[in-house]
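Below is one structure; the comments refer to it alone.
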Amino acid sequence: MLIHRTGAQKPKPASNWLRRWLAADTIDGIKRQRALLGYLFLAPTILGLLIFIIGPMLYTFFLSFHKWNVFRPPEFVGLDNFVRLFADARVGISYRNTFILVVMTVLLLEVMAFLLALAVNRIARTRLAYLYRTAYFLPVLLSGAAVSVTLGYLFHKDFGVINYYLGLLGIDKIPWLTSSDVVLITISLTTVWRNLGFTFIIYLGGLTSLPTEVLEAAEVDGATGWRKLRSIILPLMSPTILFATITDMIKMLQFFDEPFIMTRGGPGDASRTVVMMMYESGFGNLEFGYASAIALTLFAVILAVTGFQFYASRRFVFYQ
Amino acid sequence: MTYGKIAHSAPPPALWLWVQQRWSLWLAYLFMTVVALLTLMPFVWVVSTSLRTPMESFSLPPKWIPTDMDFTNYQRVFDEIPFIMQIGNSFAITLATVVGQLVTAALAGYAFARLVFPGRDVLFWIVLATLMIPSQATIIPVFILISRGLQLNDTLWALILPSIPTAFGTFLLRQYFKQIPADYEEAAMIDGANQWQIFRRIYLPLAAPGLAILAVLTFNGKWNDYFTPLIFMNTKERFPITLGIVDLQGYMATGSISVVLAGIVLSTIPVIIIYIFGQRYLVEGLMMGGLKG
């Protein structure tokens, strides 16, 4: 080539080889370019996930078979942590509390959010519908910390606004946060208040994207009200219902902020959840092996719920 | 004969249908309004009580309209906790996480959507699988890695670094890049654009709505995070505002709740602003989750 002969530029052998290998004027070169770019683009995410999720996940497995308080190297104890865990009454109570919270909260959330979405969808695309939607959505913006502190005041037995109004209706003061019989209901109501807008938006999204031809056809056939809801809307909405229910269940299984801030798990252990147990054994008592074992049992439960979602979406859910 | 049969199965009288529909519509309005009131009342109570004198903050019946207009509570938030620093920390943590997630997830999402290379599908399944791992299952090793390995405990980096790699964001943006037709790419290549330019100049701008959704969702989640800072942070000056609020409540317990509520109002303003500007993306992002079922 001309440049070579005049010696104006010394070609660098390595970059020359690379340039030829990746030459943009050949199909293979472009393919190689894109493959190289693909790996480069993926590198930060894959490395990050390896370091902060996959690696730690494996290490949690490792730790769950060890006894470890950070100061001395981990000591292998086999299944001791799990044996201890299944015999630990407090872990049992925390699982019981968590399951009660999940069932109560998710039932309330799904039913209320679905009814609300049905109602708002009837007046869809009006300014009023927009206002209602905004109102329901506002609590979703708040932190669990802000909500727990605020509703903690409102639920106060003697100074709380809620008991004041119930008093006007002739209802005795309810020890919302101080009675072990009531405290789970209180925390559940708090969580419903904070999450209703989220679940509602998912249902509203599902309803607005229902195929209008099917709904109109049903109306032409004379299906109204209850009939239409049961035979048309519910089956068409079943994928959304399944998704929202499972998402909410997984979220609620990881209950932490509300009980931790509102009651510290009390009175006694009445509102202690699984994540709180894990947090306290790990970061409180420095029993990291035991805490890892607790975390793994919760992970197993969450996996089971996810697995059920896959199974159920094949069996029961109606896809158009 | 046939004529009579059709007439027989005709819909019920119009008047009855009208009454039925009216009635259920009113019921719907009643339900929507009651829930809206229950949703909004705590907000009104927080704002009006935050403007009340400390003496009056426990007064019952609650006064829903702020009458005292006492702004000293807001002043005291700044005196009681390092509020400015804590809000600043929340901003730094949240923005760094949002930017980090946008960059890494846009690159990875593009690679999965539009680039072809060996092992792509396997890698994609691995990324998807990590979506199922809850943060509690990884938090102990991450804590050990951050505090002992990297010596970053009690720094803002402890809250930023682990939350940058995002399987969810990668998946979300992959869907966005996939929707963009491949014709653009061919046209650009004919014009002599290289692979990086195709990504940067053509596909990235077209995926802007997806980037906005990820940004808004991450902002909301990270600003409101309480669990992770609780584990990593010890120094008040380095707390994000969620920890600051609970801390404020802790030693205001016997004093004035008005000050605590003033702090809550202040800490909520940034997310409300984000909502006003980004609500379309936030709502759309959440709805999309529902649709993919």
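Let's see how each residue does on (1) surrounded by fewer than 20 Cβ atoms within 10 Å (Cβ to Cβ); (2) modelled with pLDDT under 90; (3) more than 26 Å from B:Gln21 (Cα to Cα):
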| position | (1), (2), (3) |
| --- | --- |
| A:Trp226 | yes, yes, no |
| A:Leu229 | yes, yes, no |
| A:Pro235 | yes, yes, no |
| A:Gly266 | yes, yes, yes |
| A:Phe299 | no, no, yes |
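Considering A:Ser231, A:Ser271, A:Ser209, A:Ser281, which residue is at the interface with another protein chain (Cβ under 9 Å from one of its Cβ atoms) and of a type in the set (Ser, Thr, Tyr)?
After ruling out the rest, the residue left standing is A:Ser209.
Under the condition of being more than 9 Å from every other protein chain (Cβ to nearest Cβ) and assigned to a helix (DSSP H, G or I), which residue from the range A:130-162 is surrounded by the fewest Cβ atoms within 10 Å (Cβ to Cβ)?
Looking at the filtered set, the residue picked out is A:Tyr130.
From the list A:Ile232, A:Ile241, exactly one residue is β-branched (Val, Ile, Thr), more than 24 Å from the chain's Cα centre (by Cα) and either within 16 Å of A:Phe114 (Cβ to Cβ) or assigned to a helix (DSSP H, G or I) (or both). Which is it?
Going through A:Ile232, A:Ile241 in turn, the sole match is A:Ile232.
Working carefully through the options A:Val106, A:Val111, find the one that is among the β-branched types (Val, Ile, Thr) and away from chain B (no Cβ under 14 Å).
Being among the β-branched types (Val, Ile, Thr) and away from chain B (no Cβ under 14 Å) holds for just one of A:Val106, A:Val111, which is A:Val106.
Taking B:Ile241 and the conditions (1) in contact with a helix residue (DSSP H, G or I) (Cβ under 6 Å, 6 or more places away or on another chain); (2) at pLDDT 90 or above; (3) within 25 Å of B:Thr170 (Cβ to Cβ); (4) within 10 Å of another protein chain (Cβ to nearest Cβ), which numbered condition does it fall short on, given that it satisfies the others?
Evaluating B:Ile241 over (1) in contact with a helix residue (DSSP H, G or I) (Cβ under 6 Å, 6 or more places away or on another chain); (2) at pLDDT 90 or above; (3) within 25 Å of B:Thr170 (Cβ to Cβ); (4) within 10 Å of another protein chain (Cβ to nearest Cβ) leaves (3) as the failure.
Restricting to the range A:17-46, count the residues that are free of Cβ contacts under 8 Å to residues at least 12 places away in the same chain and farther than 22 Å from B:Leu204 by Cα.
11
Out of all the residues in the range B:131-144, which are crowded, with 20+ Cβ neighbours inside 10 Å and in a helix (DSSP H, G or I)?
Across the range B:131-144, the qualifying residues are B:Gln136, B:Ala137, B:Ile139, B:Ile140, B:Pro141, B:Val142, B:Phe143.
Among A:Ile46, A:Ile123, A:Ile53, which is the only one that is surrounded by fewer than 18 Cβ atoms within 10 Å (Cβ to Cβ) and of a type in the set (A, V, I, L, M, F, W, C)?
Checking each option against the conditions leaves just A:Ile123.
Quick check on A:Asp257: is it more than 22 Å from A:Leu116 (Cβ to Cβ), touching a residue at least 60 places away in the same chain (Cβ under 8 Å) and among the charged types (D, E, K, R)?
When the stated conditions are applied, A:Asp257 passes them.
Name the single residue that is modelled with the highest pLDDT among those in the range B:283-293 being in a helix (DSSP H, G or I) and facing chain A (nearest Cβ under 8 Å).
Selected residue: B:Val283.
The values are calculated or read from the model by the stated rules, or taken from the named source; none is laboratory data. The structure displayed is predicted, hence computed values, not measured ones. With ideal geometry, Cβ positions are generated from the backbone for all residues, glycine too; neighbour counts draw on all protein chains shown.
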